[in-house]
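Some notes on the structure that comes next.
What follows draws every value from the coordinates through simple rules; no lab data is involved. These figures come from a predicted structure and were not determined experimentally. Every residue, glycine as well, gets a Cβ built from its backbone with ideal geometry; the counts of neighbours run over all protein chains shown.
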């Protein structure tokens, strides 16, 4: 019942692209009465409702992105469980091992937005996650996919959802979101050399504002490059 009320608030507020104070208060109050699975459903519902406007672009696209940001923050206020932030550095195996650990421990969804993937151990963990039913989506750069040693095309051939940036520019992000609860971000490329010789870093956090911002960026890039 509460989920239906929340769905109605989403639809009503999207009509004018505003989650006003009364709607926001009611939304937060009702969010306290639902479980994590229902919160995930509502978040996905909000993205589904906003996607046509984002893909169309223009002024409505900008308005709906602002609406989406307010909705996601309202959902996550009560859903958030704090996990102590941590930092990892290379050369060495700590960055690679943390990525693999997060992939292996994911239970529902992995959203990966990285310039390139060529580390076979990371690739294998992603394939294993896909095979056990985790929803894995990868956004990556099309030019780097053709490099010697790149594993991106292999992942796509194995059935992993891979979305390429076919623009004349580079999709140079390096972040990933796990189960909508943990964000990994940093300079670390998902390559062998990043672990063996490069000076790189990653930070892992569950800070809700950062999760919301990066989730929004992932959604924007997903809509932009999937055309």
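Structure notes:
- Every Cα-Cα pair of the chain was included, and the share exceeding 23 Å stands at 50 percent.
- Tensor-based shape of the stretch 146-227 (alpha-carbon gyration tensor, a/c under 1.5 rounded, otherwise prolate or oblate): oblate
- Efficiency of FRET between residue 37 and residue 69 - r from beta-carbon atoms, R0 30 angstrom, step 0.05: 0.85
- Helix 94-105 axis, angle to the chain major axis (alpha carbon atoms, nearest 10°): 50 degrees
- Label-to-label distance for residue 4 and residue 18 is 2.8 nm, based on points extended 7 Å past Cα in the beta-carbon direction.
- By the count of neighbouring beta-carbon atoms within 10 Å, fewest first, 132, 39 end up ordered 132, 39.
- Percentage relative contact order, the chain, counting C-alpha pairs under 8 Å, at least six apart: 23 percent
- Most simply put, the chain has about 60% antiparallel DSSP beta bridges, counting only bridges with both residues inside it.
- Contour excess over end-to-end distance, with Cα ends at residue 220 and residue 51 and 0.36 nm allotted per residue: 60.0 nm
- Axis angle, to the nearest 10 degrees, between helix 58-79 and the longest C-alpha principal axis of the chain: 90 degrees.
- Site pair residue 107 and residue 62 shows an inter-label distance of 4.1 nm when each label is modelled 7 Å from Cα along Cα→Cβ.
- Computed from label points 7 Å out along Cα-Cβ, the spacing between residue 148 and residue 210 is 3.7 nm.
- Three-way shape label, the stretch 81-159, alpha-carbon gyration tensor, a/c 1.5: oblate
- Cα-based helix-to-principal-axis angle, 2-14 vs the chain, degrees rounded to 10: 90 degrees
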